[in-house]
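Throughout, read-outs are computed from the coordinates displayed, never taken from laboratory work. Note that the coordinates shown come from a computational prediction; the quantities given were computed from them, not determined experimentally. Counting neighbours? That spans all protein chains shown, and the Cβs are built from the backbone with ideal geometry, glycine included.
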Amino acid sequence: MNIKKSALQVLLGLAALALSAAALAQSAASADAAPAPAPASATGQGTEYSEKGADTCLGCHDEESATFSTAALFKSKHAQRGSARAPFGPGGLQCEACHGPGARHSAKGSKKTLTTNSFKKDSFLPVQVRNQACLSCHEGFSRSGWHSGAHDRNGLACTDCHKVHAERDAVLTKSTEQDICLGCHSKQRAEFQKASTHPVKNGRMGCSDCHNQHGTSNPAMLVKPTLNQTCYSCHAEKRGPVLWEHAPVAEDCSLCHAAHGSVRPALLTKTPPLLCQQCHTTASHPAIARTGASLPGGTAAGSSAFLLAGSCTNCHSQVHGSNHPSGAKLMR
Ligand code: HEC
Ligand code: HEC
Ligand code: HEC
Ligand code: HEC
Ligand code: HEC
Ligand code: HEC
Ligand code: HEC
Ligand code: HEC
Ligand code: HEC
Ligand code: HEC
């Protein structure tokens, strides 16, 4: 390793010499106002692949850093030898399947950061080109909508979420996925701190159970075409059909529930009776039933236990709809 390192330093030294020589030659040339010939250290990737594939690369890159580890890469699915689709499978381009043609980068005197796809933010390649290296193998499945999603529109890179030179890619595990999402989505971080939330914090669910982070044309990049269909994928019993439907339930769950979190129980957007009174101000009984008299068919005599807390759901308990023959008023 040390031998290689010093060899590398020598190479770098030579490269630096070559560069300064080229620079000298160039300034001399420009003094003549003649067009400078393309220097040997041409930038851009070129189209030539290296001669020995990974062996070429590993000749210089056999070390580990915070963002780079060949040992970890070789334990990941990308390193599988059996699959013809994998970079290291039969006929695969190995390192260059991702980093692109590497002959120019590997050549002496080339500008190392300007001749390979580093996948880094400061790369000379625009994000669309960096992503295309991944999409060339991965544009199917959940990524078929990548170009219609908000993440592509906002210039996210695959590598904003994925770590490739890693044995385990944290974003693929439900319990660690949210850390990556919430790193950018601070408003949602606050929502998931509230008293009532979906069980995302403890890793029972991930953001990706409801969202396709790779992009869809569905509202809010939900996994299903509508909000309700997304909810039904787990709360199938709320889909019905029921004998007595409650109109807003079939229309939009978010009329009453906040999907991420709420300070009220059951993710409610408001506390009953207020929740109900947004729509029911002129029911056959006064909106706020405070005395027996204000109940349908009620008399001024005596109060009712159901009036406790004025909650509508004490009586109208079947708020999602009723299958009882006499459940028209959602009470049973
Ligand atoms: C002759 C030695 C040499 C060879 C061969 C070589 N590299 Fe490099 N590479 C370097 C050096 C030196 C750097 C560091 C440049 C810097 O950080 O300024 C580098 C940097 C990189 C980077 C990071 C670039 C950046 O912008 O930060 C990637 C990615 C890379 N090499 C991939 C490869 C791949 C893939 C191969 C095989 C096709 C390869 N290298 C072959 C010497 C080499
Ligand atoms: C499946 C795609 C893929 C393959 C195959 C791959 N890399 Fe990378 N490489 C990446 C990505 C993505 C990054 C950016 C860091 C990250 O997100 O892990 C990277 C980063 C690097 C860097 C820059 C690290 C730094 O911090 O400057 C080097 C050097 C590198 N790779 C070399 C290699 C070599 C050598 C091979 C072959 C043994 C290889 N890569 C194979 C995707 C790949
Ligand atoms: C040459 C084709 C190829 C390229 C290029 C490629 N991949 Fe892959 N990738 C694969 C194959 C094959 C698998 C394994 C699929 C399987 O076995 O389920 C895979 C698996 C993955 C997985 C799942 C890993 C796991 O442990 O389940 C992720 C995430 C991934 N690739 C991301 C990327 C990213 C990000 C890039 C670009 C930096 C990239 N890939 C470039 C072929 C490729
Ligand atoms: C906003 C974060 C994010 C971005 C950006 C992102 N991914 Fe993912 N990716 C995930 C999460 C989370 C999962 C695991 C959940 C799932 O499968 O949907 C995943 C899973 C995967 C998988 C493995 C499962 C499968 O569907 O085969 C592959 C491959 C993959 N992503 C490739 C890519 C590629 C290629 C890009 C860039 C075009 C990309 N991802 C961009 C977050 C992201
Ligand atoms: C690198 C930053 C970043 C990361 C990481 C990230 N996002 Fe985003 N996300 C954005 C940006 C930027 C937007 C567009 C502006 C906005 O709506 O805030 C966005 C938008 C969204 C939207 C709204 C889509 C729409 O059509 O309105 C959803 C949903 C979303 N992200 C989910 C996720 C999920 C799930 C993850 C984790 C798997 C994630 N994001 C990780 C930056 C990020
Ligand atoms: C139970 C399903 C569900 C889960 C889990 C979920 N979301 Fe959402 N998310 C939604 C719904 C539904 C909307 C649309 C809200 C609306 O339009 O009323 C949404 C909207 C969004 C938006 C768009 C902006 C906004 O607030 O309207 C972002 C960004 C977002 N979610 C990020 C996340 C992140 C990050 C996570 C994980 C920490 C996550 N979501 C988990 C269902 C979910
Ligand atoms: C991926 C599955 C999944 C999806 C999709 C989903 N949920 Fe849930 N939901 C759950 C789980 C799991 C719980 C927690 C149940 C428990 O704790 O026993 C839950 C609980 C709830 C609760 C009760 C919370 C409480 O504190 O009592 C409400 C209300 C709810 N979900 C509404 C929705 C709505 C609205 C949607 C659509 C935007 C939705 N869910 C989508 C899995 C899901
Ligand atoms: C008209 C307002 C309203 C609408 C619309 C609504 N809900 Fe509810 N939901 C409630 C109320 C109120 C509660 C609390 C019931 C209680 O106190 O027992 C609740 C409780 C829940 C619960 C937890 C208790 C249970 O019954 O399992 C889930 C899950 C749930 N709703 C899912 C949904 C889904 C999915 C939708 C959309 C299909 C939806 N809700 C639409 C008012 C509503
Ligand atoms: C977003 C508006 C909305 C909200 C919020 C709402 N409802 Fe409704 N509700 C309706 C509509 C629309 C109907 C159907 C009215 C009709 O058929 O004339 C209805 C019907 C009903 C009925 C049956 C009425 C009948 O004539 O058969 C009852 C009972 C009822 N709602 C109770 C509640 C309760 C209790 C809540 C609070 C938990 C609530 N509603 C919240 C819109 C709403
Ligand atoms: C003590 C029990 C009780 C409480 C509490 C209660 N209701 Fe009722 N409500 C009834 C009964 C009983 C009927 C049916 C009257 C009938 O069949 O003519 C009814 C009927 C309704 C209807 C249908 C109106 C119609 O024209 O038939 C609506 C809407 C309604 N209630 C909404 C509410 C709302 C909103 C609240 C909370 C502010 C509420 N109720 C609280 C017992 C109650």
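Laid out as a table, the results:
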{"item": "For the stretch 109-186 versus the stretch 57-87, the gap between their alpha-carbon centres in whole angstrom", "result": "17 Å"}
{"item": "Cα point-scatterer Debye curve for the stretch 188-276, base-10 log of I(q)/I(0) at q = 0.10, 0.19, 0.20, 0.21 Å⁻¹", "result": "-0.28, -1.00, -1.09, -1.17"}
{"item": "Most positive-pole-ward Cα, Gln132, Thr116, His151, against dipole of the stretch 110-163 from beta carbon charges", "result": "Thr116"}
{"item": "GluC sites (Glu not before Pro) within the stretch 104-182: DSSP coil, no more than 16 neighbouring Cβ in 10 Å", "result": "Glu139, Glu167"}
{"item": "Calculated FRET value between Ala71 and Thr43, using beta carbons and R₀ = 22 Å, to 0.05", "result": "0.15"}
{"item": "Förster radius 25 Å - calculated FRET efficiency between Glu63 and Gln128 (Cβ-Cβ, nearest 0.05)", "result": "0.25"}
{"item": "Taking only Cα atoms of the stretch 80-211, radius of gyration then Dmax in Å", "result": "17.8, 60"}
{"item": "In nm, spacing of pseudo-spin labels at Lys121 and Leu274 (7 Å Cα→C-beta vector)", "result": "4.0 nm"}
{"item": "Karplus-derived 3J(HN,Hα), 6.51/-1.76/1.60, for each residue of the stretch 100-109, Hz, glycine and proline x", "result": "x, x, x, 5, 5, 4, 6, 5, 4, x"}
